[in-house]
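The values are calculated or read from the model by the stated rules, or taken from the named source; none is laboratory data. The structure presented is a predicted model; accordingly, all values stated were derived computationally and were not measured. Here Cβ is always computed from backbone atoms with ideal geometry, including for glycine, and neighbour counts include all displayed protein chains.
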Amino acid sequence: MAAARPPKLDVRHVSLEHYNERTQQALAVLDDIDLQLQEGELVSIVGPSGCGKTTFLNAVDGLIAVTGGEIRVDGRLVDRPGPDRAFVFQHDSLFPWRTVVRNITYGLELQGRLAKAEMQERARSLVDLVGLKGFEEHYPHELSGGMRQRVNIARALAVSPEILLLDEPFAALDAQTREFMQFELMKILARAKATALFITHQISEAIFLSNRIVVFSARPARIKDIVAVDLPAVRTLAMKHDPGFVALESRIWRLIEEEAARTGMIAAA
Amino acid sequence: MDATSPATDKETRATRRPSRRSWWRRNENWILGSLSMLAFLCFWEIAVRAGAVNPLFTSSPSRIVTTGFAMFADGSIYEHLQASATEFFTGFALAVVVGVPLGILMGWYSRLNAVLEPFVSALYATPRIALLPLVVIWFGIGLGSKVAIVFLGAIFPILVNTITGVRTIDADFIKVARSFGSTDRQMFLTVALPSSVPMLLTGLRLGLGHALVGIVVGEMYGATQGLGYLIAVAGARFQTDKVMVGILLIASLGIALTELLRAIERRFERWRPNQRG
């Protein structure tokens, strides 16, 4: 059935080498990555620290060029950032001199496709979607970390991307806010019917938010395993204590641990 | 981002507890300042009237005011004011128009910076007043040389601060803009310019001071009109009252322009923590 429809995101045999000017050595970061995302799918990437997850996501966004293979979104080859993809950065990186609404319309302003009134209207509906009604004219420094990340997500959704790329969007939040934001993000993505590729260090977050989880090996990153998440589409934070959830968590953790042990990051037990 | 000033701190505390004590606290500084200034002026006036000091050297507040009124009344001051103002605004405007775009370009393109940086550093380190004889040789003793010296005084602080402003742009902002497919022009307008505004305004404020020094010294060195010329000529003739009037006018111009820039700064820094205007 998957073969019937072309994938939203099609990554074929992608490899990437990073050349270090100082040591004059090429460093293999990605090795033969093959991954397809169908429309509406939410996929997370987990893997040991420094394995190349962020590099991969940057490559999908077109910020870094791949050295082998190809990446296609809706059949179009990715060679630079484009309006079909939007990136949610780890640090909220909101422009401090723009209000909430004007941060959200930023991408639209650059594209210049919409009239000002239309941009405003879309921004306001996104403010609603991410639950920030009443904060339209606030500046980022007047918002909490969680609120800023909501704006960050709204800014990415504003350009109506075919696929949303999220690089550890909650890494800078405190543990409680992070839990709530996971739940919020799940609702936002469902309402926006988004296709999303998500990077995280937190395994429970990955399980909670995705349909599938891609486990990267230690560098150079290869796909070690792809784990399907067999949980109901609508999830609650309480589900994190279900036996099925916990079992999945320890299964993925073992995969990452193997990689960490293999590269000597931790001592093998 | 660390724009916390103790003044705003004090203000918020005062507005929270409105009382007579807080009224005093809010106004204490300027009241004390005004009183000490008033006391000084009285002391000066009395010292002259009592014959303790020679008014030929020190003039006196009442004489300065009288002379000032007389110069405005007979209209002799206007040509000097107009000359200085023209020199100042032409030179300063040129410095802004050249300095800001060039600063942004030099901050952005490291190769352009490498080419121009030695010149900027050398000229920034040289007291621009030392170039005055050269400037007079090139531009004569009229308006041209004054505009040039004001321009030279103002442009380097503007340039250097704008470069620093662009250099210190948060790399994350650039990444965001690039990810949204920004063109070079959009990158300048939506990231480089707004994020360097605070440094740019600092540059303008520093440049302002240098520009004022520029007109005064320029007009003293070789000129036929202007406030600096007025001060120099009056000084040579021991007309202390007139010298003082000239100094007061220059000082007022400096204060007014600095305040204007402060107001612009506040307008632009609404988005900064603790600086909401």
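Observations
- With respect to the stated conditions, residue A:50 is more than 10 Å from every other protein chain (Cβ to nearest Cβ), out of contact with any Leu (no Cβ under 9 Å at 6 or more places or on another chain) and at positive phi.
- Here B:206, B:260, B:227 are screened, and the one residue that is at pLDDT 90 or above, under 25 Å from residue B:93 (Cβ atoms) and in contact with a Ser or Thr (Cβ under 8 Å, 6 or more places away or on another chain) is B:227.
- Figure legend. Inter-residue proximity from the stretch B:207-229: first residues closer than 15 Å to residue B:258 by Cβ, second residues surrounded by fewer than 24 Cβ atoms within 10 Å (Cβ to Cβ) and polar (S, T, N, Q), beta-carbon distance below 7 Å, spacing 6+ or different chains. Indicated pairs: B:208/B:258.
- Among the residues listed as B:188, B:173, B:180, the single one being within 13 Å of chain A (Cβ to nearest Cβ), in contact with a Ser or Thr (Cβ under 8 Å, 6 or more places away or on another chain), of a type in the set (Phe, Trp, Tyr) and at negative phi: B:173
- The stretch A:161-199, subset small (Gly, Ala, Ser) and in contact (Cβ under 8 Å) with a residue 60 or more places away in the chain, residue farthest from residue A:63 (Cα to Cα): A:192
- Hits in the stretch B:101-132 - residues which are loosely packed, with under 12 Cβ neighbours inside 10 Å and either aliphatic (A, V, I, L, M) or outside any loop (DSSP other than H, G, I, E, B) (or both): B:110, B:111, B:114, B:115, B:118, B:119, B:122, B:125, B:130
- When residue B:64 is tested against (1) in contact with a helix residue (DSSP H, G or I) (Cβ under 6 Å, 6 or more places away or on another chain); (2) assigned by TED's automatic domain parsing to the domain that holds residue B:240, just one condition goes unmet, and that condition is (2).
- Residue that is nearest to residue A:76 (Cα to Cα) [pool: residues in the stretch A:147-167 that are within 13 Å of chain B (Cβ to nearest Cβ) and in a loop (DSSP other than H, G, I, E, B)]: A:161
- Test: residue in the stretch A:16-39 that is away from chain B (no Cβ under 13 Å) and among the small types (Gly, Ala, Ser): yes
- Per-region count, the stretch A:231-248, residues within 22 Å of residue A:37 (Cα to Cα) and touching a helix residue (DSSP H, G or I) at 6+ places or on another chain (Cβ under 7 Å): 3
- Filtered residues of the stretch A:98-125 (kept if more than 8 Å from chain B (Cβ to nearest Cβ) and among the basic types (Lys, Arg)): A:102, A:113, A:116, A:122, A:124
- Filtered by the rule that a residue be within 14 Å of another protein chain (Cβ to nearest Cβ), part of a loop (DSSP other than H, G, I, E, B), farther than 21 Å from residue A:182 by Cα and out of contact with any helix residue (DSSP H, G or I) (no Cβ under 6 Å at 6 or more places or on another chain), the stretch A:133-146 gives A:137, A:139.
- Qualifying residue in the stretch B:246-258 (condition: within 18 Å of residue B:157 (Cα to Cα), crowded, with 18+ Cβ neighbours inside 10 Å, in contact with a helix residue (DSSP H, G or I) (Cβ under 8 Å, 6 or more places away or on another chain) and more than 14 Å from chain A (Cβ to nearest Cβ)): yes
- Matching strands (runs of 3 or more DSSP E) fully within the stretch A:35-132 where at least 2 residues are touching a strand residue (DSSP E or B) at 6+ places or on another chain (Cβ under 8 Å), of a type outside the set (Ser, Thr, Tyr) and surrounded by fewer than 17 Cβ atoms within 10 Å (Cβ to Cβ): A:68-73
- Residue B:162 within 12 Å of chain A (Cβ to nearest Cβ), buried (at least 18 other Cβ atoms within 10 Å of the Cβ) and either part of a helix (DSSP H, G or I) or not β-branched (Val, Ile, Thr) (or both): no
- Residue A:248, sole failed condition from (1) in a helix (DSSP H, G or I); (2) in contact with a Phe, Trp or Tyr (Cβ under 7 Å, 6 or more places away or on another chain): (2)
- Residue in the stretch A:77-97 that is over 22 Å from residue B:190 (Cα atoms), hydrophobic (A, V, I, L, M, F, W, C), out of contact with any Pro (no Cβ under 7 Å at 6 or more places or on another chain) and away from chain B (no Cβ under 11 Å) present: yes
- Residue within the stretch B:136-156 that is under 20 Å from residue B:226 (Cβ atoms) and touching a Lys or Arg at 6+ places or on another chain (Cβ under 6 Å) present: yes
- Yes/no for residue B:183 being in the same structural domain as residue B:123 (by TED's automatic domain parsing) and closer than 28 Å to residue A:152 by Cβ: yes
- Candidate set: the stretch A:231-256, residues that are surrounded by 13 or more Cβ atoms within 10 Å (Cβ to Cβ) and among the basic types (Lys, Arg); chosen: the one nearest to residue A:211 (Cα to Cα): A:235
- Which listed residue is farther than 20 Å from residue B:240 by Cβ, part of a helix (DSSP H, G or I), at pLDDT below 95 and of a type in the set (Phe, Trp, Tyr), from B:89, B:72: B:89
- Single residue of the stretch B:224-245 satisfying the filter (charged (D, E, K, R) and within 24 Å of residue B:141 (Cα to Cα)) that is nearest to the other protein chains (Cβ to nearest Cβ): B:242
- Restricting A:14, A:66, A:29 to residues that are in contact (Cβ under 8 Å) with a residue 60 or more places away in the chain and in the same structural domain as residue A:248 (by TED's automatic domain parsing) narrows the list to A:29.
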